[in-house]
Amino acid sequence: MGDLLQFTLTGVTIGSIYAIVALGFVTIYSVTKVINLAQGEFVMLGGLTMYSLTSAGVPYLLGFVITIIVVSILGWIMEYLLIRRAKGADPISLIILTIGTAIFIRGIASVVWGKDQLRVAPFTENTPVNIANATITPQAIWVVVIMLLVVFLLYILIDKTMVGKAFQASSVNPLAARLMGISPKRMSSLSFTLSAALGALAGLAIAPIMFPSYDMGTMLGIKGFSAAILGGLGSAPGAVIGGLLIGLLESLGAGYISSGMKDAITFSAILLILLIRPSGILGEKSVGKGGL
Amino acid sequence: MLQVDSITKRFGGVVANSEVSFTVEEGQIVGLIGPNGAGKSTMFNMISSVFPPTTGTITFQGTRIEKLPAYQVAPLGISRTFQNLQVFKNMTVIENVMVGQHMQTKTNLFGMASLLLGITRKERKVYDQAMSYLAFFGLQDIFDQKASSLSLGKLRLLEFARAFATEPKLLLLDEIAAGLNHKETQEMSALINKVRDTGVTVLVVEHDMDLVMSICDKLVVLDQGVKIAEGTPKEIQENEAVITAYLGADIDEEEVEEEAI
Amino acid sequence: MKLQGVQQTKWMGVLVFALAILVFPFIVTQSFYLTQATFAGIYAIIAIGLGLLMGYAGQISLGQAAFYGIGAYTTSVLTATMGWSPWVSLPIALLFPGLLAFIMGYTMSRLSGYYLAMATLALGIIVHTLLVEWRGVTKGASGFFGIPQLNLFGYTINQGIPYYYLVWFFVIIVLILSLNIVHSRVGRALRSIHDSEIASSSMGVNTSKYKMQIFILSAMFAGLAGWLFAHMSYSISPAAFTFDASILFLAMVVLGGSGSVWGALIGTLLIRMVGIVVHMLGEKFPFITSDFEHVIYGLILMLVVIFLPRGLFPTVADWFDALLTKRSSKKSMLKLAAKR
Amino acid sequence: MRKLLLPLLLAMMTALFLAACSESVEKEEAGKAGGSAGSGEVSEYKIGAIYSKTGPNSPLGEPEWNATKLIEEKINSEGGINGVPLKIILADDESSQEKATQEANRLINDEKVLVLLGSSGSGESLAIKGIALQQQVPMISAAASTHIVEPVEDAKWVFKTPQSDRHAVERVYMYLNEQGISKIGTIIDSNAFGSSGLEQMEALADEYKIEIVAKESYNTQDPDMSAQLTKINGAKAEAIVVWGTNPGPAVVAKNTRDLGIDLPIIGSHGIANQNFITLAEAAAEGVVIPTGKLLFPSQISGDDVQFDAISSFYKAYTDKYSSEPTNFGSYGYDNIMLVIDALKNGATDREAIREHLENNITNWIGTTGVFNFSDKDHNGLTADSLVMAVVKDGKWMLLEK
Amino acid sequence: MNGDKLMEVIDLSVSYGPIQALKGVSLAINKGEIVALLGANGAGKTTLLQTISGLLKPTGGSIIYQGVNIAGMEAEKVVEKHLVHVPEHRQVFSTMTVLDNLYLGAYHHRKKSKMKNIEKNIGKVFDLFPILKDRKNQLGGTMSGGQQQMLAIARGVMAEPELLLLDEPSLGLAPLIAKDVLELVRNLRAEFGTTVLLIEQNVTASLKVADRGYVISHGEIVKSGSSKELLNDPEVKEAYLGHTVN
């Protein structure tokens, strides 16, 4: 029983990381219909930028803020220099474009930060907490808290502010959105910036848990993408469910079946779910043309 | 030949077609007309199996076709053109027509792969046949041009030729004259008649009333998803409901209570 | 027989290419470049298959390395563990990837777009995990070793010139097969799917059947490449069949142009050359490490998608066409007139 | 029209290739002039070394690369071997089997080297092994896997200097026996290093009366291993053996302590470096590993037979480079020193060098250990060449018996 | 015809690829007028509206609105000038609520006017379309065609238009509601002084509402005049129903 709780806690922690990354995918996808496979690279940049700042003696909180700003700007640049110029390309090309960007960013990062894993201090004192025979570290709690916070803030932003409505609008019906004075281009920029900020936040949260290095983005990108797909592209609650599900599948799979096979188990489960629900758990059902 | 029986189609909360029925007899040219938003294209897409109706049946020569995928409807002898031009633009004119002849030969992928000697006699036959189709539509001079380089008029002809190359029994023409000038439209009318004379039944959706009125044997008029009239062109032009649909009645005088949608 | 206005295999091109392949070892005698060229050939086989899949069936595969790996491991196990002749294991090394593709394609037929990409990605990861974990058969992550070499009429096909010719012999076969497919009735149908799926299905083209067939074929090509790779190497390991490898195959196709068989081939060669150039620069300037290779791959992918969305080969081909048409338009007009 | 285009493109590509090659052609000419592969008058001894200077194995390859360069310079500044200068061609395989294959072919066929050294990783070494056997070139690997030299009938031309993972496992098991621990839980990196460690742990378990009660693994980039560790703890293991290179073992150490599991943690020689301690911080304290002695030259006693070799190499290395040589530096050092031994003794062609290595290397003192090659053993080491180390106050310390 | 010119379209041409949809169209709208644009399907009416609102780029000609040439200006900029286009086929945000749709209508002056002003406008809109108030939390796409049309117009009104381009507002509406919609157009002018350019299928009804009309055919203006003149013109009928069959 204690084991089950431990596996669950671990699964939720890992799942929360995937969920934040997946929310980054969703933020961009729901506005621009682009899948940004460089999302994991934003996470990596978040962790490594924080490392540089803290080792340069920048106060923790300030470093936190600067990291998010720096990575957000990179996200904006990516949209402005690349995505905007490839608008209208088919999905295959867009996937390849973002993969290219990811490889490029990773290459640059390996030159800038080297290839060693680096250590970033946890947010707070990191003495583990004991809950009924299972333990969880404060940093892991932070990860879950940040995930919930991100979900909450995204909810507020999307559902309660004009910008959020504009996000949705330009995704649902770009033509009508333009007639309302919403510039899809600016929304696209904004979504990349926001999503990069989310990535940076994820990077900050997990840097103290897993030692960040230039190549951490690939794995996180793949898992985040999987979570977003599993949840149903474009659905934020879906991304969270997908992320947590993958985290739990991994940790329960490792715990009860085989740790070596955990990826195979997880991805087989994803395939199975897609077989039953070809557009993910909360995938968007096509609403039709909304009239003729 | 074609029997459309109480077809209804909904998209989300919107009803595009409601309980529409009509028939097309062999050898006729039938026109499907109606003001904008009447549900003509939706009906057309259902007949050519782009999507299935919500309820109702479509029968073609005794076969129920409303639930078949498009590639299975084509072999039964139904072919169509597209309003928004779906030519294969990266292919040449003759290649477009040769795709139209797809059903007339049978070789699978692996069989084709193993033909190390290149073109077979079959391919030559298809090619010659395609050439004759092009000649029929007056496109023989531009057979080797890329479709993307053609003018609108030629593109419409090409779509027509491609659909004709499937050797259909029923040909569906979706706004085949849209965007054409007067002279081109007249030529198109002549072509449609010529095609009918080869024994092909034709169903047209058309905005150009001159064209419709001059070639059709029978017209079916839709308005707001409902069939409001059916008859010869002359009958239709004099039909009050049709005039109202197109020009609008004076609603101050005519209190209509029905909730249309 | 020449059918004007119809895309046909340019046998002259294939011939010239085959000749170039034939003489290459006589011009470039260093073993290093020969090995590079041999690997290029193996990858070209995968890239051509992937190019068919992307350019003609309009599908993306983020897990092509899985089929490559299955091909390589199938033959390794059959020959090294079970003692079969490599020539007998060849059909099995093609069959297994094809079968997996069939199952995959069949069960996943409801998926499309990004969801399909996800499925292929998952397949790649699952297969890679199995190669690592199924230690009883695959010998695990440290790799399978002791794979026998190929023998032909009593001669061992060693790495170097013999294996180079063997690999490129298969490349030429794959090339001809692919060109035949592309320039046949089926190829036309596939090209038409790419332009307008709705129109081609209304011409009676069974689009999903053809997509499935191409998927299977591309998996079999990858299996062939795996077979060639395994019998060239003494050992293989799962490290060669990762997500990164799948991405590299994608890069080759995108660079060359996915809508053209030649494009995939040329893309492969270009990507290999980038590697060589970086390597050479690295010898002169020590600060240029293999990391730059990745930076450049990334850069190429970005630039190609933005500036040459159709890939290098079709774009360049069109430039040449335009150039030649301009120059020879008068000539050909005269010719046409003469014909009539 | 395209008919014309194709040959044109091809011609362009061929030209490019030719341009690319011209440089190496010159090199090859020079190599031929040296004629090092033949007998008779020689102007230099050409040795090829393939190490993974970049890529995931770079922590291994970099010190090996540096050590090799160091020795080349030293020998040549001393006037070469019997008056003949040594020329070592270093190649980087970027931790990829494919690159290793290409480089091996280049070094053997284009550069006509006498001996092939490397590579750093087991996978790369196995890939090269095939070529060395085909081309009959002696090869000395710097990688761990026992499969590189076993079975020895299939490894006629292949030797290796690092302790095999078998030795490392034996050493760990010896330590466990000393400590009275018999039930272990293993957690390995699912890469080649980890799985080959597990293979040996399984193979040797009976001999040392060790019971493996849980076998877990992780992927190098996994963020958390709590699930696996919980399982090991639940299986009543008395110690955790983690087989991997950074960062996995650091995460394992941290997770173990965070979970409140106070089982002893035994690592592999893969984390015999300071970075492990930097990453794992406090959780690293008390972690025990088997290692070569080069990890802490200052702690080796003066009467150790290897003392001179280790301390002189350590000094030369740290003088020239600002980093530690680590155990991997010692493999690089021993590899090239073995070749030099052969050359000094008049074995100057491929066959003779192989013969010399197999028959004349007895009680040969290297930095890794004392080697005894024979036609039955192409590794020539015993588990005794390894010592146990423990993390104490943020430093690796020799664990006294 | 004696008010200030609010907008003047001069010699406007537009092409879609090989199709020339507008061939030098010129027309003018005075402040406070309601102008109907008549013509058969495919004549170029919608194209004209889309070009004015910036959705399409003209290949030639100019659009002078309040003294400024807005031809080729981005649609999202045009709406900031209070030139609002309610497009054909409703184009409501189908997966968003009615209320959100309305808020988005006011998007372009989210900063200038306080939310209070927007709330006030929403109140007014609800007065005009009571059904929207009842369904304010329903998703746009789940409503009937007629309700969606009302939502689309209401959303346009939220943008506080000075010139409103209405593309077939009564399309798919029951006649009674269609009548309401057209009456609403008059109310808008009465209340806000909104100028309206209207495309309407129902020729008779729209000419009753409009002051003037233009007839467009094959991308060219073929006739213009006061509503009364056009109502009795046989050519108008012919433009819709084709030449009389003999």
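Only the coordinates and a few stated rules stand behind these numbers; no lab work does. None of these values were measured; they are calculated from a predicted model. Quick reminder, even Gly has a Cβ in these numbers, built from the backbone with ideal geometry, and neighbours come from all protein chains shown.
Peptide packing for D:94-104, C:65-75, C:199-209, A:123-133 was compared via the average number of neighbouring C-beta atoms within 10 Å per residue; ordered from the highest value, the list is C:65-75, D:94-104, C:199-209, A:123-133. Taking a ≥ b ≥ c as the square roots of the Cα gyration tensor eigenvalues, with a/c under 1.5 meaning rounded and otherwise prolate when a/b beats b/c, else oblate, which class fits the protein assembly as shown? Judged from the Cα gyration tensor, the protein assembly as shown comes out prolate (a/c at least 1.5, a/b above b/c).
Among the DSSP helices (H) of chain A, those spanning at least 20 angstrom by Cα along their long axis with an average Kyte-Doolittle hydropathy of -0.5 or more are A:2-32, A:39-55, A:60-78, A:91-113, A:138-160, A:184-206, A:216-231, A:236-252, A:262-276; this is a geometric and hydropathy rule only. Between region A:77-126 and region B:183-231, the C-alpha centres lie 57 angstrom from each other. Note on A:ILE69, D:ILE266, C:ILE276, D:ILE131: ascending count of other Cβ atoms within 10 Å places them as A:ILE69, C:ILE276, D:ILE266, D:ILE131, the fewest first. Once backbone amide H atoms are built at 1.01 Å from N, E:MET96 has E:GLY140, E:GLY141 as its partners under 5 Å, excluding neighbours fewer than 5 places away on the same chain.
Over the C-alpha trace of region A:45-167, radius of gyration and Dmax come out as 18.5, 54 angstrom. For region D:141-227, trypsin sites (Lys or Arg not before Pro) meeting the loop criterion (DSSP other than H, G, I, E, B) and having at most 16 other Cβ atoms within 10 Å: D:LYS156, D:LYS209.
In summary, the helical segments of chain C meeting the span-like criteria, namely a full DSSP H run, a Cα extent along the axis of 27 angstrom or more and a mean Kyte-Doolittle hydropathy of at least 0.5, are C:31-51, C:86-107, C:113-133, C:161-182, C:207-232, C:261-284. A dipole drawn for the protein assembly as shown from +1 and -1 charges on Cβ atoms has a positive end, and of C:ALA40, B:ASN17, C:PHE229 the residue lying farthest that way is B:ASN17.
Rounded to whole Å, give me the distance from the Cα center of region D:154-208 to that of region C:274-317. Cα centroid of region D:154-208 versus Cα centroid of region C:274-317: 42 Å apart. Take every pair of alpha-carbon atoms less than 8 Å apart whose residues are at least six positions apart; their mean separation over the length of chain D yields a relative contact order of 16 percent.
Which GluC sites (Glu not before Pro) from region D:170-235 combine a DSSP loop assignment with at most 15 other Cβ atoms within 10 Å? Please report the intermediate quantities before stating the final value.
Values: sites: D:GLU170, D:GLU178, D:GLU199, D:GLU202, D:GLU207, D:GLU211, D:GLU216; in loops: D:GLU207.
Listed in order of number, the matching sites are D:GLU207.
State, to one decimal in nm, how far the label point of B:GLN61 lies from the label point of E:LYS136, with both points 7 Å from Cα in the Cβ direction. Once both label points are built, they end up 6.0 nm from each other. What FRET efficiency comes out for D:LYS74 versus D:LYS376 if R0 is 30 angstrom and r is the Cβ-Cβ distance? Round to the nearest 0.05. Between D:LYS74 and D:LYS376 the formula returns 0.35. FRET efficiency for the C:LEU303 to C:SER208 pair, using the beta carbon distance and R₀ = 35 Å, is estimated at 0.55. Taking the empirical scaling 2.2 N^0.38 Å for compact globular proteins as reference, region D:150-302 has a Cα radius of gyration ratio of 1.04. Counted as membrane-span-like here are DSSP H helices of chain D whose alpha-carbon atoms extend 24 Å or more along the helix's own axis and whose Kyte-Doolittle mean is 0.0 or above; these are D:2-34, D:326-344. Ranked by how many other Cβ atoms sit within 10 Å of their own Cβ, fewest first, the residues A:PHE267, C:PHE39 fall in the order C:PHE39, A:PHE267.
Which longest uninterrupted range of chain E lacks any trypsin sites (Lys or Arg not before Pro) assigned by DSSP to a loop state (not H, G, I, E or B) and surrounded by at most 16 other Cβ atoms within 10 Å?
No qualifying site falls inside E:137-246, the longest such stretch.
Under 20 Å from a point placed 7 Å out from the Cα of E:GLU220 along the Cα-to-Cβ direction: which residues of region E:33-75 have their backbone N that close? Backbone N within reach: E:37-49, E:59-62. Amide H contacts for E:THR59 (H built 1.01 Å from N in the peptide plane; partners 5 or more residues away or on another chain; cut-off under 5 Å): E:SER13, E:VAL14, E:SER15.
Dividing the C-alpha radius of gyration of chain E by 2.2 N^0.38 Å, with N its residue count, gives 0.99.
Quick check: from the Cα gyration tensor, does chain A come out rounded (a/c under 1.5), prolate or oblate? Oblate.
Over chain D, DSSP H runs of length four or greater, each weighted -39,500 (n - 2.57), average out per residue to a 222 nm ellipticity of -14000 deg cm²/dmol.
Modelled this way, with points 7 Å down the Cα-to-C-beta line, the labels at A:ALA56 and D:SER43 are 5.2 nm from one another. Exposure proxy ranking for E:LEU27, B:LEU180, A:LEU37, based on other Cβ atoms within 10 angstrom of each Cβ and starting from the fewest, stands as E:LEU27, B:LEU180, A:LEU37. Specify whether the C-alpha gyration tensor of region C:2-309 places it in the rounded, prolate or oblate class, a ≥ b ≥ c being the square roots of the eigenvalues: rounded for a/c under 1.5, otherwise prolate if a/b is larger than b/c and oblate if not. Note, shape of region C:2-309 comes out rounded.
Normalised size of region E:162-231, defined as Cα radius of gyration per 2.2 N^0.38 Å with N residues, equals 1.10.
Would you mind checking the pairs B:LYS234/E:LYS23; B:LYS67/C:LYS209; E:LYS120/E:LYS179; A:LYS160/E:LYS136; E:LYS77/E:LYS223 and listing those with alpha carbons more than 21 angstrom apart? Check vs 21 Å cut-off fails for B:LYS234/E:LYS23; E:LYS120/E:LYS179; E:LYS77/E:LYS223.
If R0 is taken as 45 Å, the Cβ-Cβ distance between D:ASP384 and C:ASP244 corresponds to a FRET efficiency of 0.65.
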